[in-house]
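See below for the structure under consideration.
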Amino acid sequence: MAGFLDRAKEQAQRGLTQGKQKLDDVQAQRAGSDLLKKLGAAYYAERSGGGSPEATQSALRALEAHIATNGDAFLRG
């Protein structure tokens, strides 16, 4: 009986770990998408005369930092 409970506990722990990893992945994708939108808005504002090159560069650096940390999978989704 103890072996069954140990296996059940291991499976439950694996499920929790996988669920947390999936949640982290989804949150990273959302953050990447938000940063990409901010870059697009900054670029549009710069090109239409209402923004600055510095704002566009700042948005680009933030996006690049996110990609360095989390990868670029959100760009393909």
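Since every read-out is calculated from the coordinates, none of them should be taken as a lab result. Predicted model, so just to flag it, every value in this text is computed and none were measured. For neighbour counting, all protein chains shown are included, and Cβ atoms are generated from backbone atoms with ideal geometry for every residue, glycine included.
Assorted remarks:
- Out of G32, G3, sole residue that is loosely packed, with under 10 Cβ neighbours inside 10 Å and either more than 17 Å from F74 (Cβ to Cβ) or of a type in the set (G, A, S) (or both): G3
- Test: residue in segment 42-55 that is surrounded by 12 or more Cβ atoms within 10 Å (Cβ to Cβ) and either in contact (Cβ under 8 Å) with a residue 24 or more places away in the chain or within 17 Å of G71 (Cα to Cα) (or both): no
- E10 vs. criteria part of a helix (DSSP H, G or I), surrounded by 11 or more Cβ atoms within 10 Å (Cβ to Cβ) and at negative phi: no
- Condition met for Q21 (polar (S, T, N, Q), free of Cβ contacts under 8 Å to residues at least 24 places away in the same chain and surrounded by 12 or more Cβ atoms within 10 Å (Cβ to Cβ)): no
- A68 vs. criteria of a type in the set (A, V, I, L, M, F, W, C), in a helix (DSSP H, G or I) and surrounded by 14 or more Cβ atoms within 10 Å (Cβ to Cβ): no
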